[in-house]
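In what follows, a structure is listed as structure tokens, so that the remarks can point back to it.
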């Protein structure tokens, strides 16, 4: 059984530092890429909302472009926090490795935990959504099959 002792401290040796610094490089790259993609999706959503209704070839399709643009802007909103937390994790861990700061290390790990918690909750929500969609489609297919049997 594990017992915590105040006299024992966790130390990060040169191998651990190398792993953390390599991870920091990748997380920084992914965070920057995520911000760029979010910016492009945000601009696309705005352009879809503003420009597309005025150049619509098919009459009456302005509503669908509004729904699509709202969907894109919603996705940007949903994915902003995990990318922000990834960026904060990266910068705090880099500072922790450069200055041996316990505060930066703890703050970086807090952002990492927060990011994974957010993604986990989002995954649970999506799994529930998929289950509901699967049940809905199953009931619809069953209803169509029952109706076609009587015809």
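In this structure, residue 103 does satisfy being modelled with pLDDT of 85 or more and surrounded by 11 or more Cβ atoms within 10 Å (Cβ to Cβ).
Take residue 60 and tell me if it is at pLDDT 95 or above and either outside any helix (DSSP H, G or I) or buried (at least 16 other Cβ atoms within 10 Å of the Cβ) (or both). The answer is no for residue 60. Within segment 88-97, one or more residues are modelled with pLDDT of 95 or more, part of a helix (DSSP H, G or I) and within 15 Å of the chain's Cα centre (by Cα). Only one of the listed residues (48, 40) is over 24 Å from residue 92 (Cβ atoms) and at pLDDT below 85. That residue is 48.
If you go through segment 107-151 and keep only what is within 22 Å of the chain's Cα centre (by Cα) and modelled with pLDDT under 95, you end up with nothing. Exactly one residue among 16, 71, 34 is over 18 Å from residue 119 (Cα atoms), modelled with pLDDT of 90 or more and surrounded by 11 or more Cβ atoms within 10 Å (Cβ to Cβ), and that residue is 16.
The values are calculated or read from the model by the stated rules, or taken from the named source; none is laboratory data. Quick caveat, the model's predicted, so the values are computed rather than measured. Using ideal geometry, Cβ is built from the backbone for each residue, glycine included, and neighbour counts are taken over all protein chains shown.
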